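K.L.:
Here it is, the structure in full.
The values are calculated or read from the model by the stated rules, or taken from the named source; none is laboratory data. Note that this is a predicted model, so its numbers are computed, not measured. Every residue, glycine among them, receives a Cβ derived from its backbone with ideal geometry; neighbour counts consider all protein chains shown.
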Amino acid sequence: MNIIIIGCGKTGARIANVLDEYGYDVSVVDSDEHAFSALSEDFSGLSVCGEVTDTDVLRNAGCENADMAIVVTPSDNVNVMVAQTLEVVFEIKNVYLRILDPSREAVFRKFGLRTVCPTRLETDILFNLITQDAEQIDAINVSGSSIRFSMQKADKKEIGKDPSEVVTSNTKMLFAVRRKSGQVVFADRVDFVIEEGDMVIYATI
């Protein structure tokens, strides 16, 4: 399966690395050449630098032969514009895009766009993490995939470590921690480290 990823930020790069590891043919497009440094050293896919709204750039990335596209640039407007281009010009049937503004997600869905809103998902997850004491948090479903969250007390060996130093698997990742104060801190923060007394939150697909 050929998959095009538009946007090579943290989300785009992570998706690209995982899909590439699983053997998919992956192409990544970003307007910033430095963004590709987030890709794994073992990444075997194609990286194309250029304006993501330019049809020639998208064509060079292989959009004419793509089976699926994932659009995750930092701009909702750009994501919508690119998604429509991919669907109309390149006739890609499976296009998924990230929308950060929950109030706009419903509008775009009415136009038939397949959206994922991390802001809404994070709000729901945070509410559960703050209000529930159970170690197992109910699963949520995203585009047909079930994501389950679990909490456990930080092991002594994990204290002081950042996400890259915590051993997980392809289907399990360090998502956040809950401090003694009840504060939930996401693992993508630059200064993130596990502290003594933290409840470590893992996401499993």
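K.L.:
For the range 147-205, which residues satisfy the criterion of being of a type in the set (Lys, Arg), surrounded by 13 or more Cβ atoms within 10 Å (Cβ to Cβ) and farther than 21 Å from residue 122 by Cα?
P.N.:
Result: 161, single match.
K.L.:
Kindly indicate the residue of the range 166-200 that is of a type in the set (D, E, K, R) and in a loop (DSSP other than H, G, I, E, B) and also nearest to residue 21 (Cα to Cα) among those meeting that condition. Outline the logic, then answer.
P.N.:
From the range 166-200, those of a type in the set (D, E, K, R) are 172, 178-180, 188-189, 191, 195-196, 198; that's our starting set.
From what's left, in a loop (DSSP other than H, G, I, E, B): 179-180, 188-189, 191, 195-196, 198.
On the way: 179: 33, 180: 37, 188: 21, 189: 25, 191: 28, 195: 31, 196: 34, 198: 31 Å.
Per the stated criteria, the residue is 188.
K.L.:
Out of all the residues in the range 23-30, is one or more within 25 Å of residue 91 (Cα to Cα), loosely packed, with under 15 Cβ neighbours inside 10 Å and in the same structural domain as residue 77 (by TED's automatic domain parsing)?
P.N.:
yes
K.L.:
Scan the range 89-103 for residues that are in a loop (DSSP other than H, G, I, E, B) and in contact with a Leu (Cβ under 6 Å, 6 or more places away or on another chain) and jot them down. Talk me through it step by step, then tell me what you get.
P.N.:
Taking the range 89-103 and keeping what is in a loop (DSSP other than H, G, I, E, B), we get 89-93, 99-101.
Listed by number, the list holds a single entry, 92.
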